[in-house]
1. Contact list please: Cβ distance under 6 Å, first residue in region 141-152 and in contact (Cβ under 8 Å) with a residue 60 or more places away in the chain, second residue among the β-branched types (Val, Ile, Thr), pairs at least six apart or on different chains.
2. Given 243, 219, 253, which one is closer than 18 Å to residue 102 by Cα, of a type in the set (Gly, Ala, Ser), surrounded by 15 or more Cβ atoms within 10 Å (Cβ to Cβ) and away from the ligand (no atom under 16 Å from the Cβ)?
3. Scanning for something touching a helix residue (DSSP H, G or I) at 6+ places or on another chain (Cβ under 8 Å), without any contact (Cβ under 8 Å) to a residue 40 or more places away in the chain and either among the hydrophobic types (A, V, I, L, M, F, W, C) or not assigned by TED's automatic domain parsing to the domain that holds residue 203 (or both), does region 153-166 turn up at least one residue?
4. Can you tell me which residue is surrounded by the fewest Cβ atoms within 10 Å (Cβ to Cβ) among those in region 136-162 that are over 17 Å from residue 201 (Cα atoms) and not aliphatic (A, V, I, L, M)?
5. Among residues belonging to region 94-122 that are touching a residue at least 60 places away in the same chain (Cβ under 8 Å) and of a type outside the set (A, V, I, L, M, F, W, C), point out the one that is farthest from residue 165 (Cα to Cα).
6. What number of residues in region 4-52 are without any contact (Cβ under 8 Å) to a residue 24 or more places away in the chain, within 14 Å of the ligand (Cβ to nearest atom) and buried (at least 20 other Cβ atoms within 10 Å of the Cβ)?
7. Could you grab me the full set of residues in region 61-80 that are in contact with a Leu (Cβ under 9 Å, 6 or more places away or on another chain) and surrounded by fewer than 20 Cβ atoms within 10 Å (Cβ to Cβ)?
8. Kindly check whether there is at least one residue in region 30-42 that is at pLDDT 95 or above and within 24 Å of the chain's Cα centre (by Cα).
Amino acid sequence: MSDIEIIAMANLQAVLLEPLQAAYAVHQRLHETDPEKFRKVAPRIRAIAATGESSISAELMRQLPALEIISVMGVGYDGVDVAAAQARGVAVTHTPGVLNDDVADLAMALMLAWARQLPRADRFVRAGQWPAGSMPLGRRVSGARLGIVGMGRIGQAIAQRASAFGMRIAYTARSAKADLPHRYLPTAAALAAQSDFLVVITPGGTGTRQLIDAEVLAALGPQGCLVNVARGSVIDEGALIAALESGAIAGAALDVFDNEPHVPQALREMDNVVLTPHIGSATGETRRAMADLALANLQAHFAGNALLSPVPEC
Ligand code: 8YV
């Protein structure tokens, strides 16, 4: 173990924590659990290990005068004040690429789970209700119209899978992608109006805050289903709850929420939603690959080598 001191922003999973502890002196969540001790070690902290959900403010960075690098184990880094890091010359890295397949798989799984009512069907069998009756009919996914909000690496992986389901795919993004065969629509509302399923996979942050609002949900309509595998912040959660309650949309399948790990009671009580606890990248294989890349970025930095996956702004 080197004497380099780093702080872990969250209760990191063993897959990252163990190799980190083998390589560095790791203070886990000290800023939250023991502020007094944190103040003592803060001047020596040279790196932050974070997850995609971590919030790393300019104020926190100010307390870490020796900070050199923030390594995020996640593709999303919307919780990091990248401008403040850049102004300080602090490097920021993330883990793009390695989780595309898993997040795309989960988007398909959520669509299918909602349309074919898998959670309800499972409860139905377990509760012994089958001999007494049958389930209400579900909805067909194959051949349905899919709108993808955000056509980056993961959006394209979703489109690939959806093509195999014979879905009719359209998308919205900052601009049309000439190399893709799918139809481009300039706004989320225009896309929603043409979609049975609207899947959100755009980065979080101020640029996309509440992009999916009451107007977009109204355009999706009473037969439409919203799927979110991006960030809770991209959806106006209040407007979503209202749309689900009024029948303005048919349902939703959500892996991410505004105030994780807290999920509004109203959503938890609804029958027309499927809810999962931010598990888009949560397979052993992918979390290992993410941890390896997050660690490799730290090691490259401290060895004076080029970073493997800096965020695009850096
Ligand atoms: C994880 C994520 O929840 O990659 C992201 O942006 O949100 C997720 O993969 C998390 O960052 C795992 O550490």
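The values are calculated or read from the model by the stated rules, or taken from the named source; none is laboratory data. Just so you know, these numbers come straight off a predicted model, no measurement behind them. Using ideal geometry, Cβ is built from the backbone for each residue, glycine included, and neighbour counts are taken over all protein chains shown.
1. Matching pairs, first to second residue: 149/172; 149/200; 149/202; 150/201; 150/202.
2. Of 243, 219, 253, the one residue that is closer than 18 Å to residue 102 by Cα, of a type in the set (Gly, Ala, Ser), surrounded by 15 or more Cβ atoms within 10 Å (Cβ to Cβ) and away from the ligand (no atom under 16 Å from the Cβ) is 253.
3. No, every residue in region 153-166 fails to be touching a helix residue (DSSP H, G or I) at 6+ places or on another chain (Cβ under 8 Å), without any contact (Cβ under 8 Å) to a residue 40 or more places away in the chain and either among the hydrophobic types (A, V, I, L, M, F, W, C) or not assigned by TED's automatic domain parsing to the domain that holds residue 203 (or both).
4. Across region 136-162, the extreme among qualifying residues is 136.
5. Top of the filtered list is 94.
6. Within region 4-52, residues that are without any contact (Cβ under 8 Å) to a residue 24 or more places away in the chain, within 14 Å of the ligand (Cβ to nearest atom) and buried (at least 20 other Cβ atoms within 10 Å of the Cβ) number 0.
7. Of everything in region 61-80, just one residue is in contact with a Leu (Cβ under 9 Å, 6 or more places away or on another chain) and surrounded by fewer than 20 Cβ atoms within 10 Å (Cβ to Cβ), namely 61.
8. no
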